[in-house]
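Have a look at the structure below, then the notes.
The values are calculated or read from the model by the stated rules, or taken from the named source; none is laboratory data. All figures in this text were calculated on a predicted structure; none of them were measured in a lab. Please note: Cβ atoms are built from the backbone with ideal geometry, for glycine as well, and neighbour counts cover all protein chains shown. For accessibility, only protein heavy atoms count, side chains too; no ligands or nucleic acids. Shrake-Rupley method; radii C 1.70, N 1.55, O 1.52, S 1.80 Å.
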Protein chains: 2
Amino acid sequence: MTAQLYCFGESGNAYKCALTLTLTKSEWEPVYVDFFNGATRTPEFRELNPMGEVPVFVDGDTTLSQSGVIQDYISSKTGKLGGRSAAERREILRWIFWDNHKLSGLAGSTRFLMNFLPEEKRPAGVIPYQQGRLAASYKILETHLTGRSWIVGDGPTIADTACCGYLYYPEPFGFVRSDWPAIDAWMSRLSGLDGWAAPYDLMPNAPADSA
Amino acid sequence: MTAQLYCFGESGNAYKCALTLTLTKSEWEPVYVDFFNGATRTPEFRELNPMGEVPVFVDGDTTLSQSGVIQDYISSKTGKLGGRSAAERREILRWIFWDNHKLSGLAGSTRFLMNFLPEEKRPAGVIPYQQGRLAASYKILETHLTGRSWIVGDGPTIADTACCGYLYYPEPFGFVRSDWPAIDAWMSRLSGLDGWAAPYDLMPNAPADSA
């Protein structure tokens with residue numbers, strides 16, 4: 001049976017997995033989760049993932065959640081986008097944790113608040129606070145990528161497909177690609193890879209804000 | 001040479017590593033990082049960790065950052081607090097990612113804003129927003145621990161030493177242990193383990209707010 005990725009177009013965390021699947025030439029199909037109409041809060045979905053989040057990846061008897069775990073599983077299974085040594089694998093994991101905590105963790109909720117929540121429901125003060133923290137994260141990534149082609153080692157890895165998770169989306173959340181030349185060049189290298197596709201071309205449904 | 005954990009008492013992310021080290025009976029020593037006086041922003045520290053964060057773990061030629069990576073390294077090296085199968089190891093990693101993203105990631109900054117930042121500098125609206133998200137996370141952990149002794153499998157693992165990272169601290173950030181009976185019982189099981197110690201007993205310096 002073809003492996004299934006439970007996802008929706010707007011989810012950058014799901015995009016990390018979809019991009020990892022397509023770049024490793026894996027066989028997979030997306031299963032649309034209607035997040036904006038409460039699908040992740042249903043008992044059926046909670047049975048699949050008690051954390052109530054996409055992405056969820058089902059490959060035969062294996063059901064996984066958390067994008068970092070799914071990415072690691074796909075990389076191990078295909079032998080692609082991984083590290084070449086224990087030290088490289090730890091370095092990859094380090095950047096995926098950093099991304100989850102300091103980049104995607106903040107970018108995802110900032111983009112949600114700015115684009116997918118009615119203006120009157122946006123909690124005051126949160127967006128500028130998170131954008132301030134994000135600016136520090138962009139700077140760390142920019143510094144790291146200056147003089148480097150990829151985040152770890154000399155080729156693309158799941159550290160790259162993690163850190164870019166929210167950066168290709170069209171909805172504004174404060175990230176201006178042209179402000180960060182090393183990030184910009186890295187994103188161009190990534191999007192030049194065979195099989196790369198933008199989030200809304202890889203996963204079902206149009207942006208929630210145009211609904 | 002004895003392994004060194006760069007840390008400070010207030011850091012729950014460092015505590016996860018310190019607790020993992022002590023519960024695995026590892027040889028280690030803490031190296032105090034004077035975070036509240038800017039030590040993580042110095043060029044010397046940035047050379048050690050360009051992400052500008054504690055914990056950093058130095059074991060011979062290996063220098064690691066990100067608590068999840070350090071915990072995984074210690075567990076692998078000692079053969080303790082790990083999973084017994086590939087599936088258990090993935091499940092452990094899943095909970096560590098979840099913690100970093102949805103529990104510690106929010107608890108750490110909420111506690112910082114509420115206790116270590118002067119009231120006039122606290123960004124309006126952020127604390128209640130984050131506490132609302134945290135309540136959803138406590139509920140997920142409470143549900144998971146109901147009927148279970150440990151987060152993964154039938155013994156303590158680094159998933160437990162990750163998720164508890166901020167929960168034993170005395171400073172208020174909205175977590176009330178008695179509100180969550182399954183979390184409370186799990187915390188008692190953890191603190192009953194041989195070698196367990198509270199954060200300020202494992203890492204140097206008194207709380208910043210009493211300075």
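A few remarks follow.
- The stretch A:1-126: C-alpha gyration tensor shape, a/c 1.5 cut-off, then a/b vs b/c: oblate
- Placing unit charges on the Cβ atoms only, positive for Lys and Arg and negative for Asp and Glu, gives the stretch B:86-191 a dipole magnitude near 220 debye about its Cα centre.
- Pairwise label distance in nanometres, B:Tyr32 with A:Asp154, each label 7 Å out on the Cα-Cβ vector: 4.5 nm
- In order along the stretch A:157-170, phi translates into HN-Hα couplings of 9, 5, 5, 5, 6, 7, 5, 8, x, 9, 7, 8, 5, x Hz, rounded to whole numbers, per the Karplus curve 6.51 cos²θ - 1.76 cosθ + 1.60 with θ = phi - 60° and x for Gly and Pro.
- Chain A Cβ-axis minimum, rotational copy B, residue and distance in Å: A:Gly125, 2
- Solvent exposure ordering (accessible area, 1.4 Å, most first) of B:Lys25, A:Lys16, A:Lys80, B:Lys102: B:Lys25, A:Lys80, B:Lys102, A:Lys16
- In this view, the solvent-accessible surface of B:Tyr138, computed with a 1.4 Å probe and all protein chains in place, comes to about 10 Å².
- Proximal aspartates and glutamates relative to A:Lys102, as straight alpha-carbon distance under 17 Å, when same-chain residues fewer than 8 apart are discounted: A:Glu91, A:Glu142, A:Asp160, B:Glu53, B:Asp99
- Rounded to the nearest 10 square angstrom, B:Trp196 shows an accessible area of 60 square angstrom against a 1.4 Å probe.
- Annotation: amide H of B:Val31 within the under-5 Å range of B:Leu5, B:Tyr6, B:Cys7, sequence separation 5 or more or interchain, hydrogens built in the peptide plane.
- Most to least accessible of A:Trp150, B:Trp28, B:Trp95 (protein chains only, probe 1.4 Å): B:Trp28, A:Trp150, B:Trp95
- Distances between every pair of Cα atoms in chain A, grouped in 10 Å steps from 0 to the bin holding the largest one, split as 8, 35, 38, 17, 2, 0 percent.
- Global geometry of the protein assembly as shown, whether rounded, prolate or oblate, following the gyration tensor of its Cα atoms and the 1.5 cut on a/c: rounded
- Working note: Karplus 6.51/-1.76/1.60 with θ = phi - 60° gives the stretch B:41-46 the couplings 9, 7, x, 4, 5, 4 Hz, where Gly and Pro are set to x.
- The stretch B:96-210 shape via C-alpha gyration tensor axes, a/c threshold 1.5: oblate
- Assuming charge only on the beta carbon of Lys and Arg (+1) and of Asp and Glu (-1), the dipole of the protein assembly as shown about its Cα centre is about 100 debye to the nearest 20.
- Heavy atoms of A:His101: accessible area, 1.4 Å probe, square angstrom to 10: 30 Å²
- Between the stretch B:9-87 and the stretch A:160-180, the alpha-carbon centres lie 29 Å apart.
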